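What follows is calculated from the coordinates using simple rules that are stated; it is not laboratory data. What you are looking at is a predicted structure, and each value in this text was computed from that prediction instead of being measured. Positions of Cβ are generated from backbone atoms using ideal geometry, with glycine treated the same way; all protein chains shown enter the neighbour counts.
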């Protein structure tokens, strides 16, 4: 060892050291005496907590698990009684879903005569245990009579000779007994369940806490006391937690540590894309307003807010999310709401940003449907500031609140930023996705009003008051006519007309009256003007009455003047200022005359300012988070999120031997399978148990999870547009054959284009068989052979398609279509009986993703490949349909009555909900043209502008109607026009039912296969044991929330362990049960001496610290004795001279002896002859 002082030392102290010969044993069992392998049945249980084992220095890695304990019943039957085991009774205590205790007794018939041949008895308990585990032996719940298996009970048995142990995965045994043939019973030894796993720790013998649970504030002194009074630790050891659960460069001498302290973390790893999230501090009050400001570090800001629609957990953040979603310009921000009602934010550019409570003046109104909605007409909603307005012209005549409100929201979202005039929207929905309110708000403090044309809508006036009906707007209206007689305007006269309402003014100046009349001249002038400033103009059929309106209900003035150069001394018109059309009697005066019919004053609702923005949000960009206030909280590690990397993920692992059914070979130990996962992502929520998971690996769990999450989603499918079959057609003369020859010879075999065909005669009829290897059908008629053969693309040819953002290749191999790329086993592809390519997903698509053909710019030649596979016809691609769609197919009935000429067909498609009804009529039909009927119906349908959500397509001479939204409907065909003497024969099929006759004017039944489905804005992708949630564009992918159960309550996985003994300690509470596996260094692994730095911490107190020089890790602490010496790390260390705090010394390996002072010390000792044992000097 080469010892030296740091050249920067202040004191003149010199350090000397010497190895100590004494070694100090920990007195603990080595882990080499424990079972090396993760196993519940081979785990070790301890009577009390504390230090329990030592990890030898030659262990390079360890995986240490702390387990809970299952309840067990252990039976032992004497050898002489074994054959006569007849029954078993188990008393089990459990807890129901409401947390109430439940006790039940389950009885099992174990009579060997029920399970064994020839009346033989049981040989040993292994036979019984095996049949119980298989479910071949079932039990009966006493009182209920319910039959149950061991799997139903969550039980597993291990048996051998006279011993059997039964374990329960989650419940508790109260008692157990086995009935014997002698009339006696063998009672079980019952062990109670311990739900909690004990805390586990790994420390150095010098007291450095490397991994384990974080000590509570009052626990550090407890550790110090334990270390001071324990022979396990070396003398002078001191507790330090500097490196607790840290890894790599930050860990203890480079140790890599992975510590988990609950079952979920032990089995699940979640990747999140959120850099900031908001949560509710408490359940929001109904109507409370939260408003938020997000700002980037470069000053780009976004403000939005919303009112909680109910006092329910998550309601305010859900409303905020709705407000965010409805912003036109999100300024690079993305947001998502997780299953625990945390609102996550991120940015597409990776800039750091801040969040704070908005300080803007927030004004908002909540618009909802009134209790009775029955107008049956589209609604208009108007929002106005003193100098701007937004008018939403609804298009839905539905009487369903959610439909009406969603339609108005759609109209608003169709406006660009300028068109929104500073207004913002939060469309709030209920748990079924139905719109329940439209919150319109402003953050600039501008006063605004809201009004509606319909009393179907209600408002809260912005003050969170009880919703009140709107007073429907009545238009301000004036009717204008020319005054009869000589006082009216005549040809050649001039007229000026001014319409004024504040700044909403429009005028016609000095119009020369033509022979058309003054009314028509004024009408033509105004209708040609733009903009019309909210005025509308109409004229009657006689062109002698002009009607001017303002639909907003604002009264306006009318001023009609005749310029001085008018032909008469008096030129006047007449008005009806209250909007009536039968009382046009008021003469114009040349001054402003005001309408009286408008009711804007009473119809417009003034919106109040929100007095208080709630203090009910907490942020957790920092650990623990804090109440969201007007002070900004800024991120410091914003992650860039874009369309390619905007994803969250969950990765599942499993603990084979821990959470699987396990039984010992001797029947003394058993462990029942522990499998339970709750997976939430977005609005999806599934629970998985043993029945849902086929297997025990992480891959098996991930597969079960994604299948369950997709279970309610519709399955998409496409069908190729072109059949990949080729026609077979030739005549007997083409093969130099005649019918008479076949009849004469009975059998003839010929070759046509490389394929053999066999003709057989029965004396009257001729049949044909054979053909090419891929023949589909053959027939013979007259002298012609006809049929079809399969003509798939050649082996190895591929076409590429896109689905859920993934690219898949469909490749021909040995006549089959194989799908590869993207998610494994995601797609099914095959050619159907008509040789049309069918492609579908094996499970549903959450986002209702459609299939598309990859363009040539991505895969060269792919469009031509799609044609070769029959997917495309020219440039036409197949439409994706979904399994939740209902279908009604209509066709002409073969052999039925055709059209006689000039009939029409009126089609009525009627939605099950009474809405989404569609009616249209075909053009007149030609006589006796069967094919034309479907064509003309389809043509009339295609010409419709608004198809109300229906689509139509023709396949195999059937016209199919469907709805992509899954809404069920009925079909009715009614003959019109020139109705013939016989009704046209049509058939209809409500897929998948058979066809049935249609009667004119009689509707079919309503389809039942349709179902509504709200598509998600993300897709899930499976890759082995990992599920990724990926959203499109700049939408923030949702976060996974997962809970898992396991026997493992804590897990410490350490690699790159140091070359020193480590201590395993276990807590007093819990099951005190561990399982571990470890790796040893090879025996010939070279060992290197550790270079050490010794630093004086406090010269007065005599405290020194020993550090690993390579990593700077503190490995020991000591206090010097009166001689300034101490022992540590198997060395005696002594300091001589003046000690100064902060001075350091180095103890470095020097196996060659080069560079040390031994030669000089030898010369000095020869000169003085001091301390020499050889007498020299």
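Extension gain, residue 583 to residue 229: 0.36 nm times the residue separation minus the Cα-Cα distance gives 116.4 nm.
Extending 7 Å from the Cα toward the beta-carbon at both residue 312 and residue 359 defines two label points whose distance is 3.6 nm. Its residue count N sets the reference 2.2 N^0.38 Å, and the alpha-carbon radius of gyration of region 172-232 equals 2.11 times that reference. When the Cα gyration tensor is reduced to axis lengths a ≥ b ≥ c, the ratio a/c is 1.5 or higher for region 725-790, and with a/b above b/c it is classed as prolate. With viscosity 0.890 mPa s and temperature 25 °C, the Kirkwood radius over alpha carbon pairs of region 274-316 converts through Stokes-Einstein to a diffusion coefficient of 209 µm²/s. Separation of region 303-331 from region 1103-1126 is 58 Å, based on Cα centroids. Calculated [222 nm] ellipticity per residue, helices only, for the chain: -3000 deg cm²/dmol; basis is -39500 (n - 2.57) per DSSP H run with n ≥ 4, divided by all residues, nearest 500. Largest first, the extents of the alpha carbon coordinates of region 314-353 on the three principal axes equal 29, 21, 13 Å. Where in region 63-101 does the label zone of residue 1069 land, with the point 7 angstrom along Cα→C-beta and an amide N cut-off under 16 Å? Taking a point 7 Å out along Cα→Cβ of residue 1069, the residues of region 63-101 whose backbone N falls under 16 Å are 67-69. Relative to its residue count, region 71-191 spans a Cα convex hull of 96 Å³ per residue. For the modelled label position 7 Å from the Cα of residue 1109 along Cα-to-Cβ, which residues of region 1041-1059 have backbone nitrogen atoms closer than 15 Å? Counting only backbone N, you get no residues. Here each label is just a point 7 Å from Cα along the line to Cβ, and for residue 36 and residue 752 those points are 7.6 nm apart. From the Cα gyration tensor of the chain, with a ≥ b ≥ c the square roots of its eigenvalues, which class applies: rounded if a/c is under 1.5, or else prolate if a/b is larger than b/c, or else oblate? Here the chain falls in the oblate category. Maximal additional length on extending the residue 377-residue 46 stretch stands at 111.4 nm, based on 0.36 nm per residue less the C-alpha distance.
If the viscosity is 1.002 mPa s and the temperature 20 °C, what Stokes-Einstein diffusion coefficient in µm²/s follows for region 898-972 when Rh is the Kirkwood radius over Cα pairs? Rounded to a whole number, D works out at 165 µm²/s.
Relative to the current alpha-carbon distance between residue 824 and residue 189, full extension at 0.36 nm per residue lengthens the span by 223.7 nm. Binning the alpha carbon pair distances of region 906-1059 at 5 angstrom intervals from zero yields the distribution 2, 7, 12, 15, 13, 9, 7, 6, 6, 5, 4, 4, 3, 3, 2, 2, 1, 1, 0, 0, 0, expressed in whole percent.
Rounded to a whole number, what is D in µm²/s for region 363-469 from Stokes-Einstein with the Kirkwood radius over alpha-carbon pairs (20 °C, 1.002 mPa s)? The diffusion coefficient I find is 155 µm²/s. Cβ crowding within 10 Å, taken as a proxy for footprinting-reagent exposure, orders 681, 10 from fewest neighbours to most as 10, 681. Taking one quarter of the surface of the C-alpha convex hull of region 970-1014 gives a mean projected area of 4.2 nm².
Taking only the alpha carbons of region 634-763, we obtain Rg and Dmax values of 32.6, 98 Å in that order. Here the spin labels are modelled as points 7 Å beyond Cα on the Cα-Cβ line, and at residue 152 and residue 656 they lie 3.2 nm apart. If you take the square roots of the eigenvalues of the alpha-carbon gyration tensor of region 880-923 and sort them as a ≥ b ≥ c, do you get rounded (a/c under 1.5), prolate (a/b over b/c) or oblate? Because a/c hits 1.5 or more and a/b fails to exceed b/c, region 880-923 counts as oblate. Volume of the convex hull of region 181-279 (Cα atoms only), normalised per residue: 275 Å³. Using the average count of surrounding beta-carbon atoms within 10 Å as a protection proxy, the listed peptides 772-785, 867-880, 436-449 rank, highest first, as 436-449, 867-880, 772-785. A Förster radius of 25 Å, combined with the Cβ-Cβ distance separating residue 733 from residue 764, puts the computed FRET efficiency at roughly 0.75. When you restrict to C-alpha pairs under 8 Å that are six or more residues apart and normalise by the size of the chain, the relative contact order lands at 18 percent. On the beta carbon distance between residue 498 and residue 1032, with R0 = 51 Å, the FRET formula returns roughly 0.40. Hey, quick one: spin label on residue 928, modelled 7 Å out along Cα-Cβ, who in region 958-999 has an amide N within reach, i.e. under 16 Å? Backbone N within reach: 981-982. Note on residue 919/residue 130: beta-carbon distance plugged into 1/(1 + (r/R0)^6) with R0 of 56 Å gives a FRET efficiency of 0.25. When each of the peptides 504-515, 392-403, 798-809 is scored by the mean number of other C-beta atoms lying within 10 Å of its residues, the order from highest to lowest reads 798-809, 392-403, 504-515.
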